[in-house]
Amino acid sequence: MRLFWVCILLLTCCRPVYAALDQGAARLGYQIDWREEEELRNKFDLNLRGKADWLRYDVAGSFYAPQPDSGDSALNVRLDFPRWNKNLKLHSGVKWNEDYRYFSERLYYRWLPSRDLHVDLDYTWQIREAERAESSRYEYHLNQEELSAYYLWETWRFFSSVLHAQKTYPAQSIYTSTKWQLEEDLSWQCRGDLQLGFAYREVTGFYPFDKKINYDYWRCYYEFRSRFSPSPRNDFFGSYRISQWEKGLRPYRDDRKLKLSWTHDRPQKTRILVKLELEDIGYLADPDDIQPVPDEDDEDEAEDEAAEEDYHSRRSAILSLEYRKTLSKFSWTTQVFFRRTDYRADAVPDSDASGVIVKLRWKQRPWELHSEWAPFGGSRSLTAYYRLKMVYNI
């Protein structure tokens with residue numbers, strides 16, 4: 001807490017400097033997280049933004065004190081040069097934990113051949129260095145390129161992206177890999193109150209030094225979605241996803257997921273949100289026969305990684321009801337959820353769970369106070385957690 005008040009004092013003293021230079025703004029936050037069976041986490045957030053005729057910058061940092069076993073502290077800087085080239089953006093960042101330091105550079109450029117067509121070129125370079133000698137075997141270098149296009153034609157919107165990533169491990173060449181990713185997304189506003197969409201993503205991973213072909217993988221998903229808004233106060237959304245996954249050139253998983261939601265806005269800034277999620281996860285091979293890559297950390301597959309904690313085929317249903325009320329300075333959200341999990345294996349007992357999550361927010365500039373209470377966990381995890389965050393705006 002002492003560090004939090006010191007930072008507030010420094011930023012307060014610097015406020016005239018921000019205002020005089022470039023209409024800058026600063027934001028400082030302090031967050032406390034407690035999760036069942038884990039240590040208390042103290043996290044400090046810092047954000048500085050500013051703009052001038054020739055420069056726009058955004059500095060964002062998240063720092064744990066002390067650094068926990070899981071979770072990364074990070075500092076990122078984004079620079080734009082509107083006078084020189086308003087379509088060019090530069091990103092630089094560093095993040096660290098008890099085992100590694102990550103240094104990354106990103107170059108982003110947008111080309112506008114016409115008003116309806118955007119072509120984006122994105123290049124990222126990253127290196128991971130070990131903080132401990134026993135972690136040095138998993139150091140790597142990453143080079144990633146992505147080419148994407150966004151096209152708008154009357155009531156149609158089309159997005160396409162191709163990504164290539166090369167990750168090289170100097171000490172453990174068997175983990176060196178090449179990743180290709182193709183993504184397509186098409187949406188159609190067929191009526192004023194109805195939108196239809198289709199998305200497809202395919203990812204391939206190839207490990208050239210793995211002679212046993214245990215690490216190579218292929219995964220894809222198809223997603224159909226629709227949004228129906230019969231009135232300004234009511235919005236219905238639905239999506240259905242089919243995903244397939246192969247590991248070591250063998251069938252591994254076959255999933256189905258259905259999501260339905262209804263949002264109803266009532267007078268006096270009141271919102272009711274109802275969500276239903278049905279999921280069928282089917283393992284086609286024994287996970288014990290497939291050796292996992294110990295360093296596979298693909299952020300795009302975070303949801304699947306969470307599902308990988310349980311290697312049993314199962315069907316699950318999650319129903320949540322949320323009530324949100326917003327006043328001038330205060331708002332609160334109450335969510336009640338119910339979850340049912342049916343395992344296909346008789347040896348694994350089925351499970352039922354329910355709980356409530358309460359979120360409170362109070363804003364009185366320059367202060368903000370956020371809190372979240374989940375004594376029974378969330379819809380995905382039954383681990384209880386509590387969060388308190390204070391924010392000071394300059």
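The values are calculated or read from the model by the stated rules, or taken from the named source; none is laboratory data. All values reported here derive from a predicted model rather than from experimental measurement. In this analysis, Cβ positions are derived from the backbone assuming ideal geometry, glycine residues included, and neighbour counts consider all displayed protein chains. Note: accessible area is taken over every heavy atom of the protein model, side chains too, but ligands, DNA and RNA are not part of it. Shrake-Rupley method; radii C 1.70, N 1.55, O 1.52, S 1.80 Å.
What to note about this one:
- The residue pairs whose first member lies in segment 105-120 and is open to solvent by less than 80 Å² (accessible area, probe 1.4 Å), whose second member is acidic (Asp, Glu), and whose beta carbons are closer than 6 Å, counting only pairs six or more residues apart or on different chains, are Tyr108/Asp122; Arg110/Asp120.
- Selection status of Leu249, of a type outside the set (Phe, Trp, Tyr) and exposed (fewer than 15 other Cβ atoms within 10 Å of the Cβ): yes
- Test: residue in segment 23-38 that is within 18 Å of Glu368 (Cα to Cα), buried (at least 17 other Cβ atoms within 10 Å of the Cβ), hydrophobic (A, V, I, L, M, F, W, C) and modelled with pLDDT of 90 or more: yes
- Of all the listed residues (Tyr392, Tyr386), the sole one being in contact (Cβ under 8 Å) with a residue 40 or more places away in the chain, touching a helix residue (DSSP H, G or I) at 6+ places or on another chain (Cβ under 6 Å) and assigned to a strand (DSSP E or B) is Tyr392.
- Within segment 179-214, being surrounded by 15 or more Cβ atoms within 10 Å (Cβ to Cβ), within 28 Å of Thr124 (Cα to Cα) and either among the basic types (Lys, Arg) or over 22 Å from the mean Cα position of the chain (by Cα) (or both) holds for Lys179, Arg201, Phe206, Tyr207, Asp210, Asn214.
- Of residues in segment 73-98 being charged (D, E, K, R) and surrounded by 16 or more Cβ atoms within 10 Å (Cβ to Cβ), the one nearest to Ser62 (Cα to Cα): Lys95
- Entry remark, segment 369-383: residues being modelled with pLDDT of 95 or more and either assigned to a loop (DSSP other than H, G, I, E, B) or farther than 19 Å from Glu322 by Cβ (or both) number 1 in total.
- Taking strands (runs of 3 or more DSSP E) as the structural unit, those lying wholly within segment 149-223 and holding at least 3 residues that are under 25 Å from Asp280 (Cα atoms) correspond to 177-191, 194-206.
- Within segment 305-325, the set of residues being open to solvent by 40 Å² or more (accessible area, probe 1.4 Å) and either hydroxyl-bearing (Ser, Thr, Tyr) or modelled with pLDDT under 65 (or both) comprises Glu305, Ala306, Tyr311, Tyr323.
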